[in-house]
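Novice: Handing you this structure, nothing more for now.
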């Protein structure tokens, strides 16, 4: 046994010095040879040592303590909000939402403010006869052009680039066809199966959505119903593989393989040279403007009469007062604001037939018409609503804890 430990320790030190074993620890407590990503389906080579041991421990050290997963914490309460009431397990609460109450009032509202209207009084014109003796006329003198010849560039001077091709030669070179490597030979580990019972989730209390009978919620718009329930702890039997004997690995050297190849190499690179190209000229005829177009104004004698409109009275403004306009409107005035609160009620958790029968007996004793059936029907809810209003209790459409206590019945 001592010799085996020395051999294993020597192998670990040698692998670490060769850079095969990772310096950082992975924290995985047990060796797991499975590897779906590999060709064989198992972990081989230096990666074996990444699946063994704990931070700061050797391959043959005892199993890490404290690596067992902790039980899951209790989940957050369903739809829990900051205004949830303090309750005990088994109690149910309904969120009561009452709309605000309004009344209709009539009032006079200004539809259009008083002002004034501006009316325009148009100007007055009259026709006057004028004797015309002369008029001005415009005559256009056309432009004068002439045709001339000029020398122009047909093709401008430039340069032409010619390519000088590259020169290549063939050579031989010895290269590595397959590099030297190491072959890993795996000695598998030995395991045993261990079963244990583990705590999966601790016991806790939480708010869960509750339900109410259809005959409830008579006189109020209601929100959610929640019941505080106690959820027991959950356990699970876990079976795992425990390492008895760790796996080992030995390596064999595989020499490199070489081959001779032929390749073409550049002897003289390609170059270019620039050739000057002279410009080309030619002649063309063009039309040039000698004298532009002009306009001459002449006065010619005439003799005729024409009418001209002359303003007698200019346009004026007239301001007319416009009185204000009013309309009668209906507006809603709030009598009582909206209300929102939590009330403890009987629901599917605690509204048993026995408890309903107790409430029905108490309502009969108080003088309200209801049969003792142990069922929450419309007759019972009508009696509950009448009792709540008579006692000055909120008529929320539920059998509340306040109502049950007023009837002298226990909630339990």
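All of the numbers you see were taken from the coordinates with simple rules; none came from a lab. Predicted model, so just to flag it, every value in this text is computed and none were measured. As a convention, Cβ positions derive from the backbone with ideal geometry for all residues, glycine included, and neighbour counts pool all protein chains shown.
Novice: Please list, in order, the residues from the range 103-145 whose amide nitrogen is less than 12 Å from a point placed 7 Å along the Cα→Cβ vector of residue 319.
Specialist: 115-119
Novice: A follow-up question, please. Order these peptides, 192-200, 404-412, by their mean beta-carbon neighbour count within 10 angstrom, highest first.
Specialist: Packing order, densest peptide first, comes out as 404-412, 192-200.
Novice: Could you give the distance between the Cα centres of the range 335-382 and the range 235-284, to the whole Å?
Specialist: Taking the Cα centre of the range 235-284 as reference, the centre of the range 335-382 is 84 Å away.
Novice: Another question about this same structure. Throw me the Rg/Rh for the range 351-412, computed over C-alpha atoms with Kirkwood Rh, two decimals.
Specialist: Value, to two decimals: 0.90.
Novice: Can you pull the one-decimal nm distance between simple spin-label points at residue 257 and residue 197, each 7 Å off the Cα toward Cβ?
Specialist: In this crude spin-label approximation the distance works out to 6.1 nm.
Novice: Cβ neighbours within 10 Å, averaged per peptide: list 88-98, 296-306 in order, most packed at the top.
Specialist: The peptides rank, most packed first, as 88-98, 296-306.
Novice: Suppose we look only past 18 Å in the calculated P(r) of the range 96-149. What percent of the Cα-Cα pairs does that tail hold?
Specialist: 82 percent
Novice: In nanometres, what is the gap between the two model label sites at residue 184 and residue 327, each 7 Å from Cα along Cα-to-Cβ?
Specialist: A separation of 8.7 nm, rounded to one decimal place.
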